[in-house]
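One structure below.
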Amino acid sequence: MRKNIVAGNWKMNNDLAETQELIGDLKLQLVKEPTAEVYVAPSFVNLYNTFQSLKGTAIKVAAQNMHFAENGAYTGEVSGKMLQSVGVQTVILGHSERRALFNETDEMLSKKVNAALMHEMKVIFCFGEELKDRKSEGHFEVVKSQLENGIFHIDRAAWKNVILAYEPVWAIGTGETASPEQAQEMHEFIRGLVSDKFGEEIAEDVSILYGGSVKPDNAREIFAKADVDGGLIGGASLKAIDFLTIVNSFD
Ligand code: 13P
């Protein structure tokens, strides 16, 4: 059975004090055991203190990126081995901001996926079309190619450590969400692709998250769709009450 998952991507927000404040609020307001698996992804510099502060709670910590190499002359980069050494077992890869602003290609991403999986880390693999793709009705093709070139090379056994996150770029930070029907249509398509290549069992087990302007007031109807197994949350994850409302939006 696949899990419901909600992950908060804090992006480049929150310094040390703000991070501690948000974690404090999350701990105070996390009154009941969530029915979903919950992650937060702070910036690299705040990973260790976040991990320490959330120990013993139901909230897990993810990184927003990592390099594919183990170590070496890659100024400014962080490896999977380093992440694990500070307690981080999960990494977001392929976010559209990394693809668009930092020129991450499918080829680089496939190497990062390999490195993370080699370390037995969990990967939250992001992909999604731009507005122009949707307008030209090329969105299914774009998503298919991002999956085929970024992650469909992995072994069947590695899928237990993969979470997929469909994030249409036009819905990120814009206040415009995909409708629940648009999300479901794409998620069903994605699960079909996984099934065609890796078989129905793996396809049924993989959690597929939706990301893009998920808020407390729209999460429930999006998560209610059969192939939507939760969300990757940006803006609304920066406020504890909003994030936890979203975490508790499964029927
Ligand atoms: P918003 O929820 O702010 O639209 O961001 C979504 C996102 O990019 C999560 O990774």
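With a 10 Å cut-off between alpha carbons and a GNM built on the chain, which of A62, A116, A203 moves the most? Result for the chain, Cα springs under 10 Å: A203 fluctuates most. Phi angles of segment 212-222 translate, via the Karplus equation with coefficients 6.51, -1.76, 1.60 and θ = phi - 60°, into HN-Hα couplings of x, 6, 6, 9, x, 8, 10, 4, 4, 6, 6 Hz per residue; Gly and Pro are given as x.
Shown for segment 108-251: lysine pairs separated by 8 or more places, or found on different chains, whose C-alpha atoms are under 22 Å apart, numbering 19.
Taking DSSP loops as anything outside H, G, I, E and B, show the longest stretch in the chain free of GluC sites (Glu not before Pro) there with at most 13 other beta carbons within 10 Å. The segment 177-251 is the longest one with no such site. Considering every alpha-carbon pair of the chain, the percent of pairs per 5 Å bin, from zero through the bin containing the longest distance, is 1, 6, 14, 19, 21, 18, 13, 6, 2, 0. Ligands, DNA and RNA are left out, and with a 1.4 angstrom probe the accessible area of the chain is 46 Å² per residue. For I151, no residue has an amide H sitting under 5 Å from its own, ignoring neighbours fewer than 5 places away on the same chain, with H placed 1.01 Å from N.
Does segment 31-133 come out rounded, prolate or oblate by the C-alpha gyration tensor, with a ≥ b ≥ c the root eigenvalues, rounded set by a/c under 1.5 and, if not, prolate when a/b is larger than b/c and oblate if not? In terms of gyration-tensor shape, oblate.
Distances between placed amide hydrogens fall under 5 Å for V91 paired with A63, K122, V123, I124, all partners being 5 or more residues away or on another chain.
Using C-alpha pairs under 8 Å with a sequence gap of at least 6, the mean separation divided by the residue count of segment 141-214 gives a relative contact order of 46 percent.
Using a 1.4 Å probe on the protein chains only, how many percent of the accessible area of segment 101-251 belongs to carbon and sulfur? The computed percentage sits at 48.
Spatially, segment 109-175 and segment 56-86 are offset by 19 Å when compared through their Cα centroids. Note on the chain: helix-only mean residue ellipticity at 222 nm, from DSSP H runs of 4+ residues weighted -39500 (n - 2.57) and normalised by residue number, equals -11500 deg cm²/dmol. Looking at the square roots a ≥ b ≥ c of the eigenvalues of the Cα gyration tensor of segment 42-86, which shape do they give, rounded for a/c under 1.5, prolate if a/b is larger than b/c, or oblate? Since a/c reaches 1.5 and a/b is larger than b/c, the shape of segment 42-86 is classed as prolate. Across the chain, the relative contact order, built from alpha-carbon pairs under 8 Å that are at least six residues apart, equals 22 percent. Considering the dipole of the chain built from charges on the beta carbon (Lys and Arg +1, Asp and Glu -1) around the Cα centre, which of L28, L244, N9 is farthest to its positive end? Going by the Cα projections, it comes out as L28. Here segment 6-70 has 57 percent of its accessible surface on carbon and sulfur atoms, given a 1.4 Å probe and all protein chains in place.
The values are calculated or read from the model by the stated rules, or taken from the named source; none is laboratory data. If you're wondering where the values come from, they're calculated on a predicted model, not measured in any experiment. All Cβ positions, glycine included, derive from the backbone under ideal geometry; neighbour counts span all protein chains shown. In case anyone asks, the SASA skips ligands and DNA or RNA and just uses the protein heavy atoms, side chains included. Shrake-Rupley method; radii C 1.70, N 1.55, O 1.52, S 1.80 Å.
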